[in-house]
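Single-structure report; data block below.
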Amino acid sequence: MKIPFNNFRKQYFSIKKEIDTAIKEVLNKGWYILGESVEAFEEEFADYCGVKYGVGVASGTDALCLALQACDVGTGDEVITVPNTAVPTVAAISMAGATPVFVDVDIETYNMDPGRLKELLISRRKSNSNKIKAIIPVHLYGHPADMDPILDIAKQFNLKVIEDACQAHGAIYHSEKNPYPGSYKAGSMGDLGCFSFYPTKNLGCYGDGGMVVTNNRELAAKVRVLRNLGQTDRQKYEHRYKGVNSRLDEIQAAILRVKLKYLDQWNESRRRIAHEYLYGIDHSDMMLHKEAPWAKSCYHLFVLRSSRREQLKQYLFKNGIATLVHYPIPIHLQTAYEDYVESQISYENSEKLAKEILSIPLYPELDSSQVDYIINNINNM
Ligand SMILES: *Cc1c(COP(=O)(O)O)cnc(C)c1O
């Protein structure tokens, strides 16, 4: 048996008629940038996230960068995020002209450790050198970061929170927050939430795309202007801000409108398969990433931990099972970002995870014989 890491063709063929019709409609209308499909999808995706506004942009990286700029974060400012993330989280901070400051992750959730976040902010306040303006928690692998304490700390230190929800379309966080305890979708809890529609994501288009979502009317309006070279939709050729060209196109929006209808169903399939892995994988050498009691992951990835990661990877490869490592080098150890590393802070958990993690195939199109094959192979190593 050969099991690829992803299977985009299989998903496309399962909804081919609807997708082809949607693309053809855009071609027939003859309007390709910022039109009816983008507007409709912005509304539908904001609705899905449980927020008021959505602004379509060219990628998840741009979504993060524009969200920072909308919060007036730029040159001379610092932004806290984690080293255990995809590079775009940090690239977006640099693109905005700001400096990333890393705080380590929790070894159970693999996401931002609120305790370490608070420690860092207290030590910064003491040293009187505080240029920190915002926090970007990442909902890595589709598992939400622990938002209640992060939002509390942000409030206490007067910082903006921009969620990197690029891997977390439809993930849910059960909040105990007073006065509004309840379940919140990833991306809806901070000042702004950022999504990517890169093809591998739980909701992916057939190219690049992204969105910023928010309940804040002014921030939404500002992102809307910044994404289109600083002009408003109504006052063309009047530029109040220095914006960029970062627009979602009509064809991608039309594709995403079709696919959004299937997102919950696809996420449920991912969860079902993830649970089969959680119950089926039984090997003394493997540690599994369990859901926190306050989380409903959308399982963008299924990530194992093993002290013999390289051996496991080779073994699965020989048996036809594709795997990847998300991500092999924590950002603070990347050459491009080494200038930002503060030597007195420890990133032991991110470093440990980077050595031990391995992502195995997880997508709605996997069938049960493939899932069983993967489980049996792992258990027999
Ligand atoms: C994919 C991803 C991004 C960026 O998305 P692009 O659309 O590729 O720019 C940002 N952060 C995380 C965690 C991601 O997984």
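The values are calculated or read from the model by the stated rules, or taken from the named source; none is laboratory data. As the structure is a prediction and not an experimental result, all values here were calculated from the model. Here Cβ is always computed from backbone atoms with ideal geometry, including for glycine, and neighbour counts include all displayed protein chains. Please note that ligands, DNA and RNA were not included when accessible areas were found on the heavy atoms of the full protein model with its side chains. Shrake-Rupley method; radii C 1.70, N 1.55, O 1.52, S 1.80 Å.
Remarks
- Residues in the range 112-152 that are within 30 Å of Phe302 (Cα to Cα) and of a type in the set (D, E, K, R): Asp113, Arg116, Lys118, Asp146, Asp148, Asp152.
- Hits in the range 283-311 (condition: open to solvent by 80 Å² or more (accessible area, probe 1.4 Å) and closer than 23 Å to Tyr184 by Cβ): Lys290, Pro293
- Tabulated pairs, the range 191-207, first of a type in the set (Asp, Glu), second more than 10 Å from the ligand (Cβ to nearest atom), C-beta under 6 angstrom, 6+ apart or interchain: Asp191/Lys160; Asp191/Val161
- Subset tally (residues that are among the hydrophobic types (A, V, I, L, M, F, W, C), open to solvent by less than 10 Å² (accessible area, probe 1.4 Å) and closer than 19 Å to Thr214 by Cα) for the range 112-160: 8
- Taken as a whole, the structure places Gln235 among residues that are more than 16 Å from the ligand (Cβ to nearest atom) and free of Cβ contacts under 8 Å to residues at least 12 places away in the same chain.
- Scan of the range 162-188 for residues that are part of a loop (DSSP other than H, G, I, E, B) and open to solvent by 30 Å² or more (accessible area, probe 1.4 Å), ordered by number: Glu176, Lys177, Asn178, Pro179, Tyr180, Pro181
- Checklist (1) assigned to a loop (DSSP other than H, G, I, E, B); (2) within 15 Å of the ligand (Cβ to nearest atom); (3) within 14 Å of the chain's Cα centre (by Cα) applied to Val213, failing item: (1)
- Some residue of the range 92-100 being open to solvent by less than 30 Å² (accessible area, probe 1.4 Å), out of contact with any Gly (no Cβ under 7 Å at 6 or more places or on another chain) and away from the ligand (no atom under 14 Å from the Cβ): no
- Looking across the range 190-209, the residues that are closer than 13 Å to Ile162 by Cβ and within 9 Å of the ligand (Cβ to nearest atom) come down to Cys194, Phe195.
- Selected residue [modelled with pLDDT of 95 or more, farther than 20 Å from Gly142 by Cα and open to solvent by 60 Å² or more (accessible area, probe 1.4 Å)] from Gln265, Gln314: Gln314
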